[in-house]
1. For the stretch B:370-467, which GluC sites (Glu not before Pro) are in a loop by DSSP, counting at most 13 other Cβ atoms within 10 Å?
2. May I ask you to give the solvent-accessible area per residue for the stretch B:257-377, in square angstrom, as obtained with a 1.4 angstrom probe?
3. What average number of partner chain Cβ atoms lie no more than 10 Å from the Cβ of the residues making up B:138-151?
4. Which FRET efficiency value, to the nearest 0.05, do you get for B:Ser56 and A:Ala151 by plugging their Cβ-Cβ distance into 1/(1 + (r/R0)^6) with R0 = 56 Å?
5. With a 1.4 Å probe, what is the total accessible area buried between chains A and B, in Å² rounded to the nearest 100?
6. Any of A:Lys260/A:Lys307; A:Lys228/A:Lys260; A:Lys121/A:Lys208; A:Lys283/A:Lys307; A:Lys121/A:Lys228 with alpha carbons more than 26 Å apart? Name them for me.
7. Give a quick list of trypsin sites (Lys or Arg not before Pro) in the stretch B:216-258 that DSSP marks as loop, anything other than H, G, I, E or B, with at most 12 other Cβ atoms within 10 Å.
8. Calculate, for the stretch A:156-200, the solvent-accessible area per residue in square angstrom, rolling a 1.4 angstrom probe over the heavy atoms of the protein chains.
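The values are calculated or read from the model by the stated rules, or taken from the named source; none is laboratory data. Just so it is clear, the structure is predicted and the values come from calculations on it, not from any experiment. Because the Cβ atoms are built from the backbone with ideal geometry, glycine has one as well, and the counts that use them run over all protein chains shown. We work out accessible area using only protein heavy atoms, side chains counted, and drop any ligands, DNA or RNA first. Shrake-Rupley method; radii C 1.70, N 1.55, O 1.52, S 1.80 Å.
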Amino acid sequence: MGRSYIVDELVEKYLVNLKTIDASYITGLLIGQFSPQKDFVVLAARTPPKEKEAGGSSSDGGGMVSSLDDIDVQWVSEHAKQVSHMLPGSLAVLGVFLVHPPELSKEAQNSLRRLIFAVDKRLSKGRLWKLTEDDVPERVMLQICSKTRKAICRTFDVQDPKSSAKPADWKYQAGVSASWQVLQCSVDLDVLFPMAETSSSNLDKCTKDGLQRWANQIETSICLINGKRLPDHFDVTAGQKKNSKAAQSKLQAQILIPTKVGLKADQRSTASVQACKGFLTMKGVMHCRAYIHSNKPRACQAVEAIKRDLMNTVSCRTEMLFEDLFMNEGSSDRGAVSGQQPLPQRVFAPVPGTGFCICDYMFPDESLVDVSERFKEMLDCDILEETIDTTQEAALKQSNIVDNSEECTDNITSEMPTEAPENQRSLQTYVGVAVATGVALLATAASLLYLSD
Amino acid sequence: MVVADAGTIIFRVRGGLELTCQLDNADGSHVQQALSRAFKSLSSRVRSESLVFSVSNSSVFIWPNKAVHIIPEEVTEDTPCRDIQQHIQVDENESSKRSSKKKDKKSPTTSVINIDLMMEVTGPAPLAAASLSRVNRKHHFVRMTLPVDCAALVQKDDSIGAVSGRLVGALCDQLTDMEKVVLQHSKGTSLLVPQPFHFLLPEPAGLVTVVYPAGVPDSQLESVRKDLHRRFELPDDRPYLRRANAFHFPDEPYKDGYLRNPHTALNHPSMEDAKPYLVQGVYSYHHYMQDRMDDNGWGCAYRSLQTICSWFQQQGYVDRDVPTHREIQQALVDVGDKPAAFVGSRQWIGSIEVQAVLDHLLGVTSKILFVSQGSELPSKGRELANHFQTEGTPIMIGGGVLAHTILGVVWSETTGQIKFLILDPHYTGGEDLQIITDKGWCGWKGPEFWDQNAYYNLCMPQRPKTI
């Protein structure tokens, strides 16, 4: 008995239309929702082509590729990471697909196995929440022969490094996400990170520590759904009108954080005092969202999904900010930026023909065109700019670059940077940054902290 | 212990509010200002709409500052608070332990409703753009979790809305008290955590909460207590506000496992024209075989002494734990009463030794009352009655080959009739109140209980005159 995958017909259509013209093989990601009994696949996205067509392609047109060894595993993993930023709660990368020529079918499974483990490793990095027993450890691989269009579906257990391929069921169905409910909330954040007076290597740790501390609070929080505390195994679809053509059912989440003191044994008799050189504050309202599937979804799963979405959106935004600063600093003479930095604004866009939205993050100097282009690049989705919803969060209209170490207030107008590099947040730049992740994060944190004076 | 009449409920809200502040230097006035700002910010959080009271073991959540919004819907702000109890799921283990029928009849325990403090982070707040700000400033970053703990004695018919409002007020008042205490005891950037303690004082004061700085022993807080004794019009010769005097909430089991005041499960014997004169306050029942110490046959006086020591500890007179057999023996060696070989032996001790140990280890003096024959004990009725009225301490009585503890008498001034409330240290079983009271290990005995021909010595400990 293997896992079952219920796959939307749109995914079938997408896979069928993928043409192996430029490259003899195509890799890509399978996106959807886990659930205890079966998983739902609602989106597929091919790995974006690299700027230089290296490996796996015949840029001169013609000539077959002899092996799948040159699949750029890092490239695929990084794509998965970027895609995961675009998925609201409960949606995740479920696996990898590979369209290959018949002669490479023997290698296909091995390559897919490598990809699956690499993708999982990349996605686990920087996560603020821990996997639990309820999390499904299987990931799916789908290999499609480009000639016969025959598809083989298997799963691997990513928690078992010696895992072998297990058979799985792949079924197409129409409107898999049509009756999905959406659970959402807006979270008011106010988190403080003291920056200790030590070498650069600890600055990274400070933000990480601070974020982990905050995330631990979220993990222990209580979540109300539509103003009620539901028992863990409560079926969230109860009460939902079946077959209604009404608008998608929206559920409101409320997150309550306990303020427990903890065990008497752990209690201190004095305040903790830390010598610091400064501090960071993260403030603002962030919108969180999770999609609830329609197959006996339990309240505890919905609660976990929205909490994880909150933790993901916070960690990915701070990551993006640091990376953005690193790139900016590298490319201009402005020196270290300081004062108040806007975190990117989260925007949502419905995926045509489905019941869910994907999301992206917009810096103040970006436009909806940039967002639309990224949706195309990462998820191979054609999203019209006018369908992108920017109303869920507020944005600082202009970027603020203030010289001094004083705390600054909102709405300071200042000069726009002279040239915003065109769509600097493409996958290519991320891979470059990812290679030196450790150093990058340190450098940005350092630049954020130390003024050029 | 009966707190008040059966028409009251205790509401207790607890939580940890995180106080953070940045101290640029250790200068006193700067520290005061920084702390003041930090406390003000906590106060406004407590008064904000994000504050949530979660009733423990229930699905009731109250937003006291949001026009008292409550879930589930059937509970409104006008609901009498006794109705909240219906929503609480009692832990099954707890309710089966309290099976003693006698106890329920004699003293209905006042119910306690516990509330956990929570903060809501979601809400229809005006959308504020998210940003990361950096401030460059050398400073000392101070962080501490304030263990807020407020209790209110309310009438069963009071509305939950009113009670919630009271609790919010109490939280704010406590923050003010905490601020004072933190400032008073601050040394540069070193700050002590303020800890609240509840005390049940004689009317009209009732249930009050005092904040003490952590780590500062009671002995150094005497002037604080003097002020409070004055404020609450308390006698100035016995402790009411030491940490050990803290109110014991009816729903919290004692962690050490000893039974407290088993005599309260008993009914007084009916006697014509007689009044009861009982031990005051709280003691623990110490007896044979406890603490994995097999002292069956020789340790009865030691156990009675332990019961007395437990009384002095729980009334706040001493900080030290109840001494072990070994510590008791060592004390007697230290005062020269016994040779060194005494330690580790199974030798009996008597009232004189008990008096010596109380003096040496606890600084407590005791009067010795000698009775040449057991049959004469009833004639000491007046003295015993006086003792319980003024000192109210347990009495150790040794004679013949046995030692017991006297916890009180029922005595008639007119007829001279008397009965003795005895706590027997010879019990070898477990801490089962039902067995102990049913089988008379704690029970009322008549004059025939004593060996009519043996002589007896009574050790009657005196309360030190201190607060």
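1. The qualifying sites are B:Glu413.
2. 44
3. 5
4. Here the calculated transfer efficiency is 0.55.
5. Buried area (both sides, nearest 100 Å²): 4800 Å².
6. A:Lys121/A:Lys228
7. The qualifying sites are B:Lys255.
8. On a per-residue basis, 47 Å².
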